[in-house]
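A short worksheet on the structure shown next.
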Amino acid sequence: MDFEIRGTREPQGPVKLAREREEYFRLVDQGLGFAEACRVVGINVRTGKRWRNGYSPTAGRKGAPPITAAPSSGPSRHLREADRIHIADRLRDKAGVRTIAAELGRSPSTISR
């Protein structure tokens, strides 16, 4: 690991923590937990949470938007609009729930709901 924790523990401000933030997200992308990534990088857990979720505006400062992840290409927990349209069309054609589930690669209970 070529990243080194900074020697001084004084507050650095949002701009000066760019390397730490980059390293934090790299570790999280590798599968490390949020709290563990904070410990490795040397930041407070609240700082890591603020980086992930954005922060609220305070006196004279605009709020930062949350970090957004790229949408995954595989099946997600929620049905996409295209999946819902496909289900509606197939139900109109009198296709069975199990048939539609097999077409979408989903559970039949998800389709029936």
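Miscellaneous remarks
- Estimated at 0.36 nm per residue, the fully extended path between Leu91 and Glu36 surpasses their Cα-Cα distance by 15.1 nm.
- In this label model, Val45 and Arg113 are separated by 3.0 nm, measuring between points 7 Å along each Cα→Cβ vector.
- Among Glu81, Glu23, sorting on how many other beta-carbon atoms sit within 10 Å of each Cβ, with the fewest leading, yields Glu81, Glu23.
Every read-out reported here was derived from the displayed coordinates using simple, explicitly stated rules and does not represent laboratory data. Keep in mind that this is a model prediction, so the values were computed, not measured. Methodologically, a virtual Cβ is constructed for each residue, glycine included, from the backbone with ideal geometry; neighbour enumeration extends over all protein chains shown.
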